[in-house]
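The values are calculated or read from the model by the stated rules, or taken from the named source; none is laboratory data. Keep in mind that this is a model prediction, so the values were computed, not measured. Backbone-built Cβ (ideal geometry, glycine too); neighbour counts: all protein chains shown.
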2 protein chains.
Amino acid sequence: MKASQFFVSTLKEAPADAEIISHQLMLRAGLIRKLGAGIYSYMPMGLRVIRKVERIVREEMNRAGAVELTMPVVQPAELWQETQRFDKMGPELLRIRDRHGRDFVVQPTSEEVITDIARQELHSYKQLPRNFYQIQTKFRDERRPRFGLMRGREFIMKDAYSFDRDQAGAKASYQAMAQAYRRIFDRFGLSYRAVAADSGAIGGDLSEEFQVLAATGEDAIAYCPQSDYAANREKAAALAPAGPRGAATQALTRTATPGSSTCAAVAELLGVPLQTTVKSLVLATDEGSKSQVWLLLLRGDHEMNEIKVAKVPGLDAGFRFATRDEIEDHFGCPPGYLGPIGLKKPLRIVADREVALMADWICGANAPDFHVTGVNWGRDLPEPDAVADLRNVLSGDRSPDGKGLLAIERGIEVGHVFYLGTKYSQAMNATFLDENGKPRLFEMGCYGIGVTRLPAAAIEQNHDARGIIWPDAIAPFTAVICPIGMDRSAAVQAAAEKLYADFLAAGVDVLLDDRGERPGAMFADWELIGVPHRVVISERGLGEGQLEYQHRRDPAATRVACADVLAHVKGRMAV
Amino acid sequence: MKASQFFVSTLKEAPADAEIISHQLMLRAGLIRKLGAGIYSYMPMGLRVIRKVERIVREEMNRAGAVELTMPVVQPAELWQETQRFDKMGPELLRIRDRHGRDFVVQPTSEEVITDIARQELHSYKQLPRNFYQIQTKFRDERRPRFGLMRGREFIMKDAYSFDRDQAGAKASYQAMAQAYRRIFDRFGLSYRAVAADSGAIGGDLSEEFQVLAATGEDAIAYCPQSDYAANREKAAALAPAGPRGAATQALTRTATPGSSTCAAVAELLGVPLQTTVKSLVLATDEGSKSQVWLLLLRGDHEMNEIKVAKVPGLDAGFRFATRDEIEDHFGCPPGYLGPIGLKKPLRIVADREVALMADWICGANAPDFHVTGVNWGRDLPEPDAVADLRNVLSGDRSPDGKGLLAIERGIEVGHVFYLGTKYSQAMNATFLDENGKPRLFEMGCYGIGVTRLPAAAIEQNHDARGIIWPDAIAPFTAVICPIGMDRSAAVQAAAEKLYADFLAAGVDVLLDDRGERPGAMFADWELIGVPHRVVISERGLGEGQLEYQHRRDPAATRVACADVLAHVKGRMAV
């Protein structure tokens, strides 16, 4: 491609509403343009990236035996009513009424339509297993669309759906997809992690997220460098601490802690480790007009994990934080100095498993500016009503698989493989005939990749002050030829055209920048756009039979003999 | 591709609501499945056809210098309000309200969005000319969707938009697209005609339709076999007849024509050519509460052309057919025996140009069961108030370019190139700076191809009693290998696998049917699906070192030596 026949459009500054780096760089590099909140045009430069992502996905899906089709963007509500998602999904499901007053949705995914296709097309167990996929426009009416393609409303997703005759088959289909996803993400050239999205309990639903690692990622991932263990921190189980509880060695003591309303402040004031403090979180549940107040106890250095709390019996039907009135009513004290000793009114106490094994700990005294130290279960207060895993895991925690210590890193979810079971086939009565001629529900799985989110994640992971740094596989162009003074120098022009032809003949996706921009502006454009390989042709260099090569990550250019340039670039390309 | 890894799903019968052959065959061959009225899933077999259409379109658009991007499916109403299309377009524009109550549309085309992009991106005449295109899902909420992909609601269209600095540039861009379209349609391997969509007047708006010829086409095309002239019959001008008017030779005579209320019946009864009769069509126009009745006179063998009538001064603000009361009020006679002589009330008479030159003609006598013969202008009635081209051209009419006689054939519109001028740039104030630094409106053109309609049109043109007959370029597979008894014969299996590998290595898009179907069912499937080249491998044939080749259009198979089969198929493939 020659730049003069393409469309290069860069901006010096990103619009003020672009908050994260990938959004800013995608706008500045001219990959996307905003049309409305969460709705973007994919400009020529951005579309090339998307197409490369799509091609890799398509090749590996086909290799794994999945078959491509395309389901409609606008889908009749009737199918969505069969699964009750038409009513259950919130306003993020974009609903339409047509000219005849019939209800439709703009697809956010296609479980209903593919299940409808399966129940019409797949009659016999002999037609199974079967995996259909599409790469198609989706819409989710996010309440607060932001971050460009990271959390847009209209987006492109690859969604695949497997149909099997039984659970064993469905799990094999799931594993085949999980393997295909590893190949896909390997080919993208990104640093990623496949992460258990459930608690890892054996026999539970199978589900894995594919997270592109980036410091700015929304998701925290807990992983064990010594083993394969990796899980979304939301779901990572804390290993049950080894007992037994230590013996009490300190007396219960009321201690003045003026102005120290946090565990960290108390630990610092008293000169003790933060791990000896216990924080009090007050929740409430409602049943009709009756409320129940709950006190959750976590170690001072631990954070509450809402997903785990929501699994505690009694809290699993929904909970909220307690009101200030409820707190004062039960503790006789405003927040900041709360604790489980000397309560005004009874409440239910749930201790994190770590707290349940602590001795000689510190907590609020239920009086402003006072804490108690040397607290011990059984002696100073009764055993808790319940003990549970309530907390996020921390870097340095023992891995749940017992094979080392956890580390935490951040990631961006761009893929998800999920074993669905018969959730949709049951709701839609989608059956096939088994060997005995009896109708059976399909065992299903679904498998998504955020095709337009992936480039944003790639940028979050790969950029510097000058712009984007694309991996070869998904760069809009793999290489760019920058001739200096092409309009003035016949030698430069001839060398540029020859090199361009040589690159094309060698199958390198190359762009020749024949726009006639000055070197500074030209280099800045391609550094911003992030083309990984750059060759500069100048009259002076040619005089010495040399060109300049620079990888986007190289600190400086390397002089290379004209005849060796193609081989040099190929040598630097990712395999 | 092996059939076992693909998805082949044929039906013996098409659903009853599939009225036309392409719709029936697309359903029976498993190319599409209906999801709702005018909404279809593109099944794996159909998607392959669509992808091949897209690839040809994309290659030729790129070759012509157009640059691909993708605009959103869901578009904010604000832009559509700038051009007033949000209000002016009828219910075929699918409107949506998002969760915040903002209005959106599902794009039927993208003039507004691309003009918005142009006014943001194209600042200077130096950036022009520029042509952007997309291949993207569209939606038109047709009142009566039918005929499968021929007149669906959701469809895929390639839409391109050119931006130029002046009319001369815009016309050059238009011509470049018209040329690219000829290359595209040539490559599809279909019989088509590029047809002037306007009246052909020089200096008028430039507009051409690309019509795939098919006896079942909705559009009638008038063309001249002796020249390049071709136009949609709706717009084809009738050549002005050569004058002068003949002299009167007959006396005006009232003639009984009992029960003969049509020109054809009168001509037969009286034993005269239909061309000597004149039919009366009664229209009316309304201005406020006042109505004006019009009498249009056309030769008995001619049909009224509404588009031409709508250009007659006085009728150009809208007209309707007159009511029975209006007719009786002006003619004193019910329809069937009307004529311009002896009117009860004055009205405006418009004669077709042919009628204005006739002598000794026949028309209704304004009395049931009576006509008058020997009618002559000037002698028996005054000259008409207006003379105009009111009729559809007929086969055998002289071509408007004077180079021969017109023929009529039927076609299906699948492409359209259109010079827009400043219609959208003016409405949206989309300007660039010219050489003098002054803002000027873009001169625009738009260029569409119905990507999902094209396969339907191809089938209307290419089918027989057994099914579809694809041109090589857009067949789901170019060739199919049908081994007989592959599961029983190692020799057949080995030969099939080898041939499959050879075809793939030679770049032939081949499918190996390894499903194990019986020969009859297998052949019926591929004849229905319409794969153009078929090779049958049987144990008996192999014994004689031969395979059977049959083109989908061949009446019978040809025996070919195993070693020659690939060359034979390549020899029969379209170049």
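Residues in the range B:156-201 that are part of a helix (DSSP H, G or I) and polar (S, T, N, Q): B:167, B:173, B:175, B:179. Restricting the range B:122-146 to residues that are among the charged types (D, E, K, R) and more than 20 Å from residue A:154 (Cβ to Cβ), the residue that is surrounded by the fewest Cβ atoms within 10 Å (Cβ to Cβ) is B:144. Counting the residues of the range A:9-27 that are modelled with pLDDT of 95 or more, farther than 18 Å from residue B:116 by Cα and not hydroxyl-bearing (Ser, Thr, Tyr) gives 5. Scanning the range B:74-95 for residues that are within 7 Å of chain A (Cβ to nearest Cβ) and assigned to a loop (DSSP other than H, G, I, E, B) yields B:91, B:94. Inclusion of residue A:158 among residues that are under 18 Å from residue A:420 (Cα atoms) and in contact with a Leu (Cβ under 9 Å, 6 or more places away or on another chain) is not warranted. Against the condition touching an Asp or Glu at 6+ places or on another chain (Cβ under 6 Å), touching a residue at least 24 places away in the same chain (Cβ under 8 Å) and assigned to a loop (DSSP other than H, G, I, E, B), how does residue B:275 come out, does it pass? No, not satisfied. Inspect the range B:547-555 for any residue being among the hydrophobic types (A, V, I, L, M, F, W, C), part of a strand (DSSP E or B) and under 30 Å from residue B:210 (Cα atoms) and give the result as yes or no. Within the range B:547-555 (the criterion being among the hydrophobic types (A, V, I, L, M, F, W, C), part of a strand (DSSP E or B) and under 30 Å from residue B:210 (Cα atoms)), the answer is no, since none of the residues qualifies. If you check residue A:71 against the conditions, is it surrounded by 23 or more Cβ atoms within 10 Å (Cβ to Cβ), facing chain B (nearest Cβ under 7 Å) and modelled with pLDDT of 95 or more? Judged against the criteria, residue A:71 is a match. Restricting attention to the range B:490-516, the residues being within 23 Å of residue B:470 (Cα to Cα) and in contact with an Asp or Glu (Cβ under 7 Å, 6 or more places away or on another chain) number 0.
Within the option set A:531, A:560, being more than 29 Å from the chain's Cα centre (by Cα) and either more than 17 Å from residue A:499 (Cα to Cα) or crowded, with 16+ Cβ neighbours inside 10 Å (or both) holds for one residue only, A:560.
Of all the criteria given as (1) within 12 Å of chain B (Cβ to nearest Cβ); (2) out of contact with any helix residue (DSSP H, G or I) (no Cβ under 8 Å at 6 or more places or on another chain); (3) basic (Lys, Arg), the one not satisfied by residue A:102 is (2). Tallying residues that are part of a helix (DSSP H, G or I), more than 11 Å from chain B (Cβ to nearest Cβ) and either of a type in the set (Asp, Glu) or within 30 Å of residue A:165 (Cα to Cα) (or both) within the range A:122-155 yields 1. Only one entry of A:157, A:177 meets the criterion of being under 19 Å from residue A:75 (Cβ atoms) and either surrounded by fewer than 23 Cβ atoms within 10 Å (Cβ to Cβ) or of a type outside the set (Phe, Trp, Tyr) (or both), and that entry is A:157.
Name every residue in the range B:468-525 that is of a type in the set (D, E, K, R) and more than 37 Å from the chain's Cα centre (by Cα), in order of residue number. The answer is B:487, B:488, B:497, B:498, B:502, B:514, B:515, B:517, B:518.
Evaluating residue A:489 against the criteria (1) crowded, with 19+ Cβ neighbours inside 10 Å; (2) more than 30 Å from residue A:411 (Cβ to Cβ) leaves one unmet condition, (1). Hey, any hits in the range A:311-328 for a residue that's loosely packed, with under 15 Cβ neighbours inside 10 Å, among the β-branched types (Val, Ile, Thr) and either at pLDDT below 95 or not assigned by TED's automatic domain parsing to the domain that holds residue A:221 (or both)? Yes, the conditions are met somewhere in the range A:311-328. The listed residues are A:159, A:186, A:205, and the only one of them that is modelled with pLDDT of 95 or more and either farther than 30 Å from residue A:31 by Cα or within 14 Å of chain B (Cβ to nearest Cβ) (or both) turns out to be A:159. If the condition is being in contact (Cβ under 8 Å) with a residue 40 or more places away in the chain, buried (at least 23 other Cβ atoms within 10 Å of the Cβ) and outside any helix (DSSP H, G or I), then the range B:96-121 contributes only B:110. Selection within the range B:370-393: residues that are hydrophobic (A, V, I, L, M, F, W, C) and assigned to a strand (DSSP E or B). The member of this set that is nearest to residue B:337 (Cα to Cα) is B:370.
Here residue B:102 clears all of (1) in contact with a Pro (Cβ under 8 Å, 6 or more places away or on another chain); (2) within 22 Å of residue B:155 (Cβ to Cβ) except the condition numbered (2). Is there a residue being at pLDDT 90 or above and hydroxyl-bearing (Ser, Thr, Tyr) anywhere in the range B:228-246? The answer is no; no qualifying residue exists.
Taking (1) touching a Leu at 6+ places or on another chain (Cβ under 8 Å); (2) under 26 Å from residue A:421 (Cβ atoms); (3) assigned to a loop (DSSP other than H, G, I, E, B); (4) of a type outside the set (A, V, I, L, M) in turn, residue A:234 satisfies each apart from (1). When the range A:44-68 is limited to residues that are more than 7 Å from chain B (Cβ to nearest Cβ) and without any contact (Cβ under 8 Å) to a residue 24 or more places away in the chain, the one that is farthest from residue B:9 (Cα to Cα) turns out to be A:51. In the range B:468-544, counting only helices (runs of 4 or more DSSP H) that sit wholly within it, the ones holding 3 or more residues that are in contact with a helix residue (DSSP H, G or I) (Cβ under 7 Å, 6 or more places away or on another chain) and closer than 28 Å to residue B:189 by Cβ span B:490-505. Restricted to the range B:300-360, the set of helices (runs of 4 or more DSSP H) holding at least 3 residues that are over 20 Å from residue B:264 (Cα atoms) comprises B:306-309, B:324-331.
When only residues in the range B:343-388 that are of a type in the set (D, E, K, R) and surrounded by 19 or more Cβ atoms within 10 Å (Cβ to Cβ) count, which is farthest from residue B:276 (Cα to Cα)? Ranking the qualifying residues of the range B:343-388, first place goes to B:352. Note on the range B:281-310: among residues that are modelled with pLDDT of 95 or more and small (Gly, Ala, Ser), the one that is nearest to residue B:219 (Cα to Cα) is B:300. Taking the criterion of being at the interface with chain A (Cβ under 9 Å from one of its Cβ atoms), hydroxyl-bearing (Ser, Thr, Tyr) and not in a strand (DSSP E or B), the only residue of the range B:1-43 that qualifies is B:9. Here residue B:286 does not qualify as crowded, with 16+ Cβ neighbours inside 10 Å, touching a residue at least 24 places away in the same chain (Cβ under 8 Å), among the acidic types (Asp, Glu) and assigned by TED's automatic domain parsing to the domain that holds residue B:362.
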